[in-house]
Amino acid sequence: MTTILSAQNVNINKRNVTLADVFEEVENQTKLSIAYSESTIDKNRLVSVNIAGKPVKEAMVEILEGTGAVFTIEGNLILIKPAPVKTQQDSRKTITGIVTDESGLPIIGANVVEKGTRNGIITDIDGKFSLTLVQSDAVEVSYIGYMTQNVSVKNKTNISVVLKEDTQTLDEVVVVGYGTQKKVNLTGAVSSVSAEVMESRPVTNIAQALQGVVPNLNVDISNGAPNTFASYNVRGATSMSKNSDGAWQVDNGSPLILVDGIEMENFNLSALNPNDMESISVIKDASASAIYGARAAYGVILVTTKQGKKGKGRVQYSYDVQWNHPSARPDFMNSYESEYARVMNRVYTGGTRTTDDDIRLEALQNYIDNPVPENAWMYAPGSNQQSIWWVGNFDPFELMVRDWSPTQKHNVSISGGTEALRYYASLGFQDQDGFYKLRNDNMRRYNGMVNLDAQINDKFKVNIKLSYNATRYDEPLPYSYKGNPWSVILYQGKWNQNMPLLTGPNDPVPNAPTNSIVSAYAYSNRNKKTDRAVGVFTASPEYQVLPQLKLKADFSYRPSSYDVKDVEPEFRYIQDSWESMDIAVNTETGRISKIKEDVQLFTTNVYADYNQTFGKHTLGGLVGFNQEVWKKEQLSAGNTGIMSIGAPTLGNTYGVNPSKGEVDEHWAVRGVFMRINYNYSDRYLFEMNGRYDGSSKFPHDSRFKFFPSFSAAWRLSEESFMADTRSWLDNLKIRASYGSIGNQNVANYGFYSRMGSSQSSAMINGQRPYQVNPPGLISPDFTWETATTINGGLDVSLLSNRLNYSFDIYRRETKDIIMDGSTYPSVLGTSAPMVNSGKLRTHGWEMSLGWKDRLSNGFFYDLNFVLSDYQTEVALFNGNDNCSLGSLYTGKKVGEIWGYVTDRILQEGDIANNLIIQYTDENGNNLHRPNESNSAYYPGDIMYKDINGDGKVDRGLNTLDDHGDLKVLGNNTPRLKFGLTGNFAWKGFDLNLFFQGVGKRDVWISDKTYWGDEDGPGSKKVYENSWTPEQTDAKYPLYGARRSQNWYTQSAYMFNGAYLRLKQAILGYTVPAEITNKIKMSKLRVYVSGFNLFEITELPDVYDPDLLSTSYPQMRSIALGVQVGF
């Protein structure tokens, strides 16, 4: 009878239930009763059990695993009792075995580890192993590219383990709004990035790791300064606004960024520790982002941080040291070449070469031949030794910029826990030196995080998260009147190239600073400190009301601060005379300015999540409430007259006109959101998201609005008529979605009539009274901008999920953009109110293609390729009735480059008596200069084509209807953005290669640095390829950007901005477990990596293809690192 009863099968699938509940289920399914003493076993222990059709004996072994109890079956009774205590000698046993894949091939180098210990070994060339167990009756078998297996070896001495390939594409879980979904069941456009993308990469922030990884996630880093924070954009242009000059522009707005459900600004995201990231989801279409309402009109980036996992405590430590090198350098001419080019430009354009020119050229060459301080200057001829000529030869970029700057990063984390409490805690520190050479700039980042998950009882659990991230950037600067050093360094040649850093020790005023940009930076002692910090304190309780229903909440407080202090002492320098030192403009007596800003964000989310399966039908629903309140307080102050540079505080200044300012503002959003999911047999999928949203940024009567979205998908691969394809087709799904979302990213208090105050310029009774300006007009219909997105998609998985493909095509239209209203008569005394009138349309597509496999020799590899494209058109713009090309206009494609069509370079035979002899080309088109240029024309100048045949070259009225001889030459929108990632692993070695680039982009370079500024060190490459009487077939016209008529935007000198870049390469080696176990480590990996290693491009070498400007240089990096686990 006992044998018959014990052979009964058991089916149990329960999560987070007590042992008592499981015992009851066993009793219900069998004719057996379970007896035990509460001193033997904890009946309230929480367990998760998944037993499908196993005999009761096997089922009880799994249920009691880890409890320290055993059982016997006597008649119809299961008797649970304490396991017999084993001696150390009794507990040791040796097991042998073989590890193979599903085809029967041995797996070489698989890890076989005694569960719960560091005791382990790797399989040999035949996949075999022998391991002596010390304290456990189970082993964990793992290998890259395969699913880890836990194998019970109780009463066994030999086992055979078959590892299944990790083809979890269909089971992969993706984070979405207020929850997770299986990737296979997604109906919207969502891309995800795992933690592996962040780990061991030679990057200093998350933005660098994300560039090129997700299709149509545009990550823009404007320059290479350590404190530069990236801007993010999803799927192109979003809205329109005015720039600082009052001109209308198209914006590439930012998506909503949420870290563990809490909103973060761009700079806060960049300050996070990449090693703390578990996953990043990018929600692109309105169907998935509508649940977030007014802040998610242009996508959502969801960042999930790491949490503790059940098991023995683990300690992870990583360290890397990185060396950074500027990715591009200007190719300056030396001082003699620069001066000679300026002189000859004058000669070629009707001027003469003077005696002073020859004297100066001779002095410049003298310094180059003998670079001693005495030769760096001379008295100007005829000045009676009252005026100085500087004639040195210095490369300001070389003097100011380091060849290599170091960065070091430390990260340590601890994690582990039990069923009742899991924990993850980490600390991170990054110390990055910038490229400034003489006074180094430096940024330090500090990161700390604690993540706790507590299972209070079988129904209630809570997550507590505490995090703090801070940065400090110390930046040396030249005195403020000099401007941006990275721009100034390229101009002012007679100062920056000819002046030394300091006068010579034997000069009339020895060892004194000069007015070169490098000297001003090195010796002005101006310093700017920028401190940023953000903390997050979150409590997230969860209550399991029913097996199908959960109540969840998030209560979060996010304080952040931004403090800037700029200290600029008085700076004196030698410039034109030895008689006295000049005082730099605006530094008389010194100056101090300070900004202190505090921002607080309070977030409340309360929602219910329901999921139920009825046969082939699965229904899911979510409904919740969200409220966020944002408050900002900012104080600013400044004054002149620093009493002591040793105590540079505002309290120690004596200026009589101190400045002060204060900002105090807030906004709030409140909304009710919902989601409904329906799934029939994993075949037909439907989802609706919606939010009734309100924002304080709009008037009371138009503050709330409902924004819905709908999406559906059909998995054709699950249809019966596709049954013959299932041997090779794993998933074939088509998707479609529609959504409409409001945009609250507009000016705060835009619907209020505001009155400004100022001090009048008029004198009344000997005083200047303060005045209040009248308020402007406000539209009574001021309301939301609305972005509507239509999306279609295709997902395919083939060959046991080795090959995966995804494609999306979309159109997004933003309407009711807030813009200038109608033009009112000037007698009104104020401007027309802003109204909702503009419209912008973006369309594009994106795809991803991935392949992964493992060869019979154990070599694993995967390849992933992403490609995306978009274009944006201004669909309606009411502020430019004449369609002037100088502004936006209806029908404009964003990024258009208008210019002339280049004809040729004039030669000496083309001109007689200052008249151009040949007026027409072979096609009968006139060859006149543009009417906008009044300069005389000389050989070496550019001639442009008269493409409209009216006998002149001009811009007409510079409108869309009358643009004269202008035409669209190209478009500077980066198109066909792509990324190619390859991962390879074999016998402990791993290699990651990531290529990134742009397939199509037109670039017009207007920078005088490249074309040759008359007052700067210029470009040697351009100079050597410029027209001269001896080089009439040159590529470029007469050298010198001051010949402005030669550098109107034109067809001949447009650049192809496409490029391919090796963004990163990582080579690592993980020491085998059998070695690390002996030194009490669970992991030891060393690696070398590189970032921005090289690129293939037609752009000039002096420009980084990502940057395309003369700003703080981007970096190339080489890094060495180590990862250790205990």
Original post:
So if we plug the beta-carbon distance of Lys1078 and Asn1056 into 1/(1 + (r/R0)^6) with R0 = 41 Å, what FRET efficiency do we get, rounded to 0.05?
Top reply: 0.10
**OP:** State, as an integer percentage, the relative contact order of segment 733-787 based on alpha-carbon contacts under 8 Å between residues 6 or more apart.
**Re:** 43
Subject >> Global geometry of segment 481-535, whether rounded, prolate or oblate, following the gyration tensor of its Cα atoms and the 1.5 cut on a/c >> reply: oblate
**OP:** For Thr973, list long-range residues whose amide hydrogen, built 1.01 Å from N in the peptide plane, is under 5 Å from its own amide hydrogen.
**Re:** Asp1002
Original post:
Once you sort the root eigenvalues of the Cα gyration tensor of segment 2-82 as a ≥ b ≥ c, which label holds: rounded (a/c under 1.5), prolate (a/b larger than b/c) or oblate (the other case)?
Top reply: oblate
Subject >> Relative contact order [Cα under 8 Å, 6+ residues apart], the chain, whole percent >> reply: 10
**OP:** Report the percentage of all Cα-Cα pairs in segment 173-309 whose separation exceeds 17 Å, rounded to a whole percent.
**Re:** 60
Original post:
Relative to a virtual label point 7 Å from the Cα of Lys1021 in the Cα→beta-carbon direction, which members of segment 302-334 show backbone nitrogen distances below 18 Å?
Top reply: 326-334
**OP:** Work out the P(r) tail for segment 690-802: percent of alpha carbon pairs separated by more than 17 Å, whole number.
**Re:** 73
Subject >> segment 524-589, relative contact order [Cα under 8 Å, separation at least 6], % >> reply: 34
Subject >> the chain, dipole about Cα centre (Lys/Arg Cβ +1, Asp/Glu Cβ -1), debye to the nearest 20 >> reply: 3820
Original post:
Can you give the Kirkwood hydrodynamic radius for segment 302-424, in Å, rounded to one decimal and based on Cα pairs?
Top reply: 20.6
Original post:
Taking only the alpha-carbon atoms of the chain, what semi-axes of the equivalent ellipsoid follow from 5 times the gyration tensor eigenvalues under a square root, in whole Å, largest first?
Top reply: 63, 35, 32
**OP:** Classify segment 939-1042 as rounded, prolate or oblate, taking a ≥ b ≥ c as the square roots of the eigenvalues of its Cα gyration tensor: rounded when a/c is under 1.5, otherwise prolate if a/b is larger than b/c and oblate if not.
**Re:** oblate
Original post:
Going down the list Lys461/Lys550; Lys14/Lys164; Lys893/Lys977, which pairs span over 21 Å between their C-alpha atoms?
Top reply: Lys14/Lys164
Original post:
Extension gain Ala747-Thr96, at 0.36 nm per residue separation less the Cα-Cα distance, in nm?
Top reply: 227.4 nm
Subject >> In Hz, Karplus ³J(HN,Hα) per residue of segment 1023-1033 (6.51, -1.76, 1.60; θ = phi - 60°; x = Gly, Pro) >> reply: 4, 5, 10, 9, 5, 9, x, 8, 9, 7, 9
Original post:
Residue separation times 0.36 nm, minus the C-alpha to C-alpha distance between Lys596 and Arg472: what's the value?
Top reply: 43.2 nm
Original post:
So what does log10 I(q)/I(0) come out to for segment 89-162 at q = 0.11, 0.15 Å⁻¹, using the Debye formula with one equal point on every Cα and no solvent?
Top reply: -0.23, -0.43
Subject >> Estimated vicinal HN-Hα couplings, Hz - segment 1111-1117 in sequence order (Karplus 6.51, -1.76, 1.60; Gly, Pro = x) >> reply: 10, 3, x, 5, 10, 9, 9
Original post:
Tell me, what is the FRET efficiency for Leu957 and Leu105 to the nearest 0.05, using R0 = 45 angstrom and their Cβ-Cβ distance as r?
Top reply: 0.05
Original post:
In nm, what is the difference between 0.36 nm times the number of residues separating Trp667 and Ser761 and their Cα-Cα distance?
Top reply: 30.3 nm
Original post:
Using the count of nearby Cβ atoms within 10 Å as a rough guide to exposure, how do Met819, Met581, Met344 rank from fewest to most?
Top reply: Met581, Met344, Met819
Subject >> Long pairs among Lys312/Lys987; Lys54/Lys156; Lys409/Lys1078, criterion Cα-Cα beyond 23 Å >> reply: Lys312/Lys987; Lys409/Lys1078
**OP:** Report the one residue of Met344, Val1022, Gly624 whose Cα lies farthest in the direction of the positive end of the charge dipole of the chain (charges on C-beta: Lys and Arg +1, Asp and Glu -1; origin at the Cα centre).
**Re:** Gly624
Original post:
Across segment 173-309, how many lysine pairs, 8 or more apart or on two chains, come within less than 26 Å at their alpha-carbon atoms?
Top reply: 8
**OP:** Please find the FRET efficiency linking Tyr861 to Ser681, where r is the Cβ-Cβ separation and R0 is fixed at 51 Å, and quote it to the nearest 0.05.
**Re:** 0.90
**OP:** For segment 1026-1109, state the semi-axes of the equivalent ellipsoid (square roots of 5 times the eigenvalues of the alpha-carbon gyration tensor), sorted largest first and rounded to whole angstrom.
**Re:** 54, 12, 10
Original post:
HN-Hα J couplings of segment 504-511 from phi, Karplus 6.51/-1.76/1.60, θ = phi - 60°, integer Hz, Gly and Pro as x?
Top reply: x, x, 10, 6, x, 10, x, 6
**OP:** Quickly estimate the mean residue ellipticity at 222 nm for the chain, helices only: each DSSP H run with n ≥ 4 gives -39500 (n - 2.57), and the total goes over all residues, rounded to 500.
**Re:** -2000 deg cm²/dmol
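Any read-out appearing in this document is the output of simple, stated calculations on the displayed coordinates, not a laboratory observation. What you see is a predicted model, and the numbers here were worked out from it, not measured in a lab. Glycine also receives a Cβ, built like all others from the backbone with ideal geometry; neighbour counts cover every protein chain displayed.
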